[in-house]
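Only one structure is covered here, and it is reproduced in the block below.
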Amino acid sequence: MTRFEVAGLDVRLGGKTLVHDLTFDLGEGELLGLIGPNGAGKSSVLKAIMQLLPHRGGIRLGGRDLAALPARERARRLAYLSQDDGVQWPISVQDLVALGRHPYRGSWWRGGGAPRLDDRDAIEGALRATDVWDLRERKVTELSGGERARVRLARALAVEAPLILADEPVAALDPRHQLRVMSLLREQCRQGRSLILVLHDLTLASRFCDRLLLLDRGEPIALGPPGEVLTRENLREVYGIRAVTGEHQRQGYILPWECESGAG
Amino acid sequence: MTRRRRRWPLLGSRRPSLPLNLVLLALLLLLSLVSLCFGDAPLSLAEVIGGLLGTGAEEAQLIVRQIRLPRVVLAWLVGGSLGASGAALQGLLRNPLAEPGLLGISSSASLGAVLMLYFGVTALSPWMLPAAAMLFALLATLTLHGLTRAGSTNLTLILAGVALSSLAGALTSLALNLAPNPTDAQDIVLWLLGSISDRSFAEVRLCLPFVLAGLLLLLLCAPALDVLALGEAEASSLGVDLSRLRGLVILGSALSVGATVAVTGTIGFVGLVVPHLLRRFVAYRPGRLLLPSALGGAVLVLGADIALRLIDTPRELMLGVVTALIGAPFFLALVLRSRRDML
C-alpha cells in the first residue's frame with residue numbers, strides 16, 4: 001500500500017507564509033483536488049511535496065520521508081506536471097515522453113542510448129493511454145494546445161509513479177479536452193495510482209475528485225467529499241461568489257454565478 | 001482489422017548520433033590534412049604525411065610539426081570549446097541565441113588574458129594567462145546567469161551579453177593602450193578578433209588540459225540537458241539536480257572557452273552557428289547536440305582558417321573576421337525568426 005501523508009506542512013518563502021499547518025492524507029487510487037482562489041497556496045503545496053520549495057513538516061509516501069529520499073528514488077515515486085508548458089525545442093512527441101524514463105536511466109555514458117525494452121513498454125503505454133500514439137513522430141511545437149496537454153500528461157504517466165501531482169492540467173483547454181484529460185486522469189486512479197490535482201473549475205473538481213481540499217491564503221479551510229467542501233458558505237467566504245448548484249445524473253454541479261456583494 | 005503490435009522505433013534512436021559524429025570526425029581529419037598542406041610553402045600530401053611521421057625531408061618536418069600542426073590543433077581546441085559551450089549554454093538557458101561570443105564570455109576571457117600579458121604578470125608563470133582568462137570567463141558566465149535567472153527572455157539575455165562584451169572589449173583596448181609597453185593597433189585587433197596563426201605547441205600546452213577538462217564536464221551534462229527541455233521544475237521532478245547542472249555547464253564553458261581564448265583571442269559566432277546547423281540531425285535534443293557541436297565547431301574553425309589563407313589579401317585575414325562574416329547573417333536570421341518571442 002502506498003499511502004501518502006502530509007503532516008503539519010508549512011511553506012515559507014522570503015518571510016511570507018505560503019502554506020500554514022496543512023495536514024492531509026491520500027489512499028491508493030484516490031483523486032484529491034486542491035482548490036482555492038488565486039494565491040491560496042495550491043501550487044506551493046505541490047512544489048513543497050516535489051521538494052522545489054523550502055518547507056517544514058512531514059511528507060511521507062509509503063511510510064518513507066520524501067525529503068530524505070535520494071532525488072532519483074523520489075523521481076520514480078512522484079510524477080509532476082507543472083503549470084506552464086516550458087517545452088522549448090521542437091523535439092518529437094515520443095522523445096519528449098521518453099524523458100519521463102529519466103529516473104530509471106543507467107550511468108551517464110548510456111545517455112544518448114535508445115530506451116530499453118521496459119522503458120519502451122512504459123512509453124508506448126503512456127502514449128496509448130493518452131491517445132497520442134498517432135502523434136508520436138510529430139514535433140511537440142507543432143501540436144495544438146489540447147494535443148500538447150495530453151502529450152505532457154503522457155510524459156508524466158511514463159514515469160509510472162504511484163503518485164501523480166498535476167498543477168492545473170486542464171487550464172487553457174476547451175471543454176471537450178478538459179473532460180477528456182480529466183477522464184484520463186480518473187482512469188489512472190482506477191489503475192491504483194493516486195493523484196493530486198490543482199483545479200480552478202469547480203464543476204470538474206466536484207465531478208471527478210474523490211475529495212477536495214479547499215485552501216485560502218495558505219490556510220486549509222475544508223477537506224472532504226466535494227458535496228461537503230463546496231458549500232454555499234465556503235463559496236461565499238473563500239471565493240466571494242454565489243453559485244448555482246444542482247444535480248445531474250446524481251452528481252452535483254456548480255456554476256459560479258455572481259460576486260457576493262460586500263465580500264472580499 | 002488486426003491490431004498492430006510490432007516493435008516501433010523511437011525517432012531519436014532511429015537517428016543515432018554516432019554516424020553524425022563519425023562524419024564530422026572524418027571531415028575534421030580531412031580538413032586537418034588540407035590545412036597542413038596549405039601555407040607560404042605549399043606541401044604535397046606525401047610530404048605532409050612524411051613530416052608528421054618524421055620520415056620526410058627535414059624542412060617539411062619542421063614546417064609541418066612546428067608551424068602548421070600547432071595551428072591545426074589550436075583550431076580543434078578553440079572550435080571544440082566554442083561549439084560545445086554554445087550547445088551547452090543554449091540547453092541550459094533554453095535559448096537558441098546563447099553563445100560564448102555573443103554573451104561576452106569570450107571577450108571577458110580575452111580581457112583577463114590581456115591584463116596578464118601586458119602588465120607583465122605572465123613573467124611570474126605562463127599559467128597566469130589561461131588562469132586569468134578562465135577566471136574572467138567564469139565571472140562573466142556567473143554574471144549572465146545571475147542576470148537571466150528569473151524568467152529571462154531572449155531580449156534580456158542578448159542585451160546582457162551585448163553589455164558585457166562591449167564592456168570587456170572597451171576595457172581590453174584601454175588596457176592595451178595603458179600597458180607599460182604600449183602596443184600597436186594590430187595587437188588590439190588580435191585580441192578583439194582572434195587568430196590562430198603563428199602559434200606554437202607552447203600555447204597548445206597552456207590550454208590543452210583545461211579544454212579537455214572543460215569538455216568532459218560539458219559532456220557529463222548531456223542527459224540532464226535533454227531532460228531540461230521540459231522546463232526546470234519538471235526536470236527537477238525527474239531527478240535532475242539543477243544546481244549541479246548549472247555549475248557543470250558554467251564551469252565547463254569557463255574552463256574550455258577561457259583557456260582557448262587566452263591563446264587565440266575572441267572568435268565569435270562559432271557556438272551559435274554550429275549547434276544551429278546540427279540540431280536537426282540529433283532530433284533537437286539538447287544533450288545529444290554537445291559532442292557533434294564540439295566536432296562541428298572544430299570543423300568550422302579549421303575550414304575558416306583554411307579559407308582565410310586561400311583568399312588573397314595583402315595581409316592575412318583575422319580568423320575572427322571570417323567567423324563573424326559567416327556568423328553574423330546567421331544571428332540576424334535567428335533574431336528575425338524569434339522576433340515574435342522578443343516583442
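Points worth noting:
- Count of the stretch B:287-309 residues, restricted to those that are within 14 Å of another protein chain (Cβ to nearest Cβ) and in contact with an Asp or Glu (Cβ under 8 Å, 6 or more places away or on another chain), is 2.
- Just so you know, in the stretch A:135-150 the residues that are within 11 Å of chain B (Cβ to nearest Cβ) and assigned to a helix (DSSP H, G or I) include one that is modelled with the lowest pLDDT, and it is A:Thr141.
- When B:Phe269 is tested against the conditions (1) within 14 Å of chain A (Cβ to nearest Cβ); (2) at pLDDT 90 or above; (3) out of contact with any Cys (no Cβ under 8 Å at 6 or more places or on another chain), the lone failure is (1).
Residue-wise test of (1) among the small types (Gly, Ala, Ser); (2) more than 20 Å from B:Val211 (Cα to Cα); (3) surrounded by fewer than 24 Cβ atoms within 10 Å (Cβ to Cβ).
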| site | (1), (2), (3) |
| --- | --- |
| B:Leu74 | no, no, no |
| B:Val78 | no, no, no |
| B:Pro96 | no, yes, yes |
| B:Glu99 | no, no, no |
| B:Phe119 | no, yes, yes |
| B:Pro126 | no, no, yes |
| B:Ala131 | yes, no, yes |
| B:Ala140 | yes, no, no |
| B:His145 | no, yes, yes |
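- Between B:Gly247, B:Gly271, the distinction of being more than 15 Å from the chain's Cα centre (by Cα) and at negative phi belongs to B:Gly247 only.
- Failed item, numbered, when B:Thr264 is tested on (1) within 22 Å of the chain's Cα centre (by Cα); (2) surrounded by 24 or more Cβ atoms within 10 Å (Cβ to Cβ); (3) facing chain A (nearest Cβ under 9 Å): (3)
- If you go through the stretch B:2-53 and keep only what is within 27 Å of the chain's Cα centre (by Cα), more than 30 Å from B:Gln66 (Cβ to Cβ), modelled with pLDDT under 90 and among the hydrophobic types (A, V, I, L, M, F, W, C), you end up with just B:Leu18.
- Count - residues of the stretch A:53-99 that are within 7 Å of another protein chain (Cβ to nearest Cβ), in contact (Cβ under 8 Å) with a residue 12 or more places away in the chain and over 30 Å from A:Gly218 (Cβ atoms): 9
- Every test in (1) closer than 25 Å to A:Ala71 by Cβ; (2) at pLDDT below 90; (3) under 14 Å from the mean Cα position of the chain (by Cα) is passed by A:Trp108 save one, and that test is (3).
- Checking B:Val211 against (1) surrounded by 20 or more Cβ atoms within 10 Å (Cβ to Cβ); (2) more than 8 Å from chain A (Cβ to nearest Cβ); (3) modelled with pLDDT under 95; (4) out of contact with any Pro (no Cβ under 8 Å at 6 or more places or on another chain), the condition it does not meet: (3)
- Flag for B:Arg65 being within 22 Å of B:Ile306 (Cα to Cα), basic (Lys, Arg) and modelled with pLDDT of 85 or more: yes
- Hits in the stretch A:153-163 - residues which are surrounded by fewer than 24 Cβ atoms within 10 Å (Cβ to Cβ) and either part of a strand (DSSP E or B) or out of contact with any Leu (no Cβ under 6 Å at 6 or more places or on another chain) (or both): A:Glu160, A:Pro162, A:Leu163
- Only residues that are under 15 Å from B:Leu216 (Cα atoms) and either without any contact (Cβ under 8 Å) to a residue 60 or more places away in the chain or of a type in the set (D, E, K, R) (or both) were counted in the stretch B:241-263, giving 4.
- Qualifying residue in the stretch A:169-183 (condition: without any contact (Cβ under 8 Å) to a residue 12 or more places away in the chain and within 14 Å of chain B (Cβ to nearest Cβ)): no
- Total residues in the stretch B:301-340 satisfying the condition of being charged (D, E, K, R), modelled with pLDDT under 85 and part of a helix (DSSP H, G or I): the figure is 3.
- Matching residues in the stretch A:27-52 - criterion: being assigned to a loop (DSSP other than H, G, I, E, B), polar (S, T, N, Q) and within 14 Å of chain B (Cβ to nearest Cβ): A:Gln51
- Scanning the stretch B:214-232 turns up at least one residue that is under 20 Å from the mean Cα position of the chain (by Cα), within 30 Å of A:Asp167 (Cα to Cα), assigned to a loop (DSSP other than H, G, I, E, B) and in contact (Cβ under 8 Å) with a residue 24 or more places away in the chain.
- Some residue of the stretch A:8-26 being in a loop (DSSP other than H, G, I, E, B), touching a residue at least 40 places away in the same chain (Cβ under 8 Å) and either more than 14 Å from every other protein chain (Cβ to nearest Cβ) or surrounded by 15 or more Cβ atoms within 10 Å (Cβ to Cβ) (or both): no
- Checking each residue of the stretch B:101-115 against the condition of being surrounded by fewer than 24 Cβ atoms within 10 Å (Cβ to Cβ), at pLDDT below 95 and either within 23 Å of B:Leu206 (Cβ to Cβ) or more than 14 Å from chain A (Cβ to nearest Cβ) (or both) gives at least one match.
- Residues (under 22 Å from A:Gly41 (Cα atoms), in a strand (DSSP E or B), of a type outside the set (Val, Ile, Thr) and over 21 Å from the mean Cα position of the chain (by Cα)) located in the stretch A:211-264: A:Pro256, A:Cys259
- At least 1 residues being touching a Pro at 6+ places or on another chain (Cβ under 6 Å) is the threshold, and among the helices (runs of 4 or more DSSP H) wholly inside the stretch B:15-92 those reaching it are B:17-37.
- Residue within the stretch A:71-93 that is β-branched (Val, Ile, Thr), modelled with pLDDT of 90 or more, over 28 Å from B:Ser243 (Cβ atoms) and buried (at least 16 other Cβ atoms within 10 Å of the Cβ) present: yes
- A residue that is acidic (Asp, Glu) and surrounded by fewer than 17 Cβ atoms within 10 Å (Cβ to Cβ) occurs somewhere in the stretch A:229-245.
- Residue check, B:Leu238 among the hydrophobic types (A, V, I, L, M, F, W, C), touching a residue at least 60 places away in the same chain (Cβ under 8 Å) and either more than 14 Å from chain A (Cβ to nearest Cβ) or surrounded by 20 or more Cβ atoms within 10 Å (Cβ to Cβ) (or both): no
The values are calculated or read from the model by the stated rules, or taken from the named source; none is laboratory data. Everything numeric in this text was worked out from a predicted model, so none of it was measured. Note that we place each Cβ from the backbone using ideal geometry, even for glycine, and neighbour counts take in every protein chain shown.
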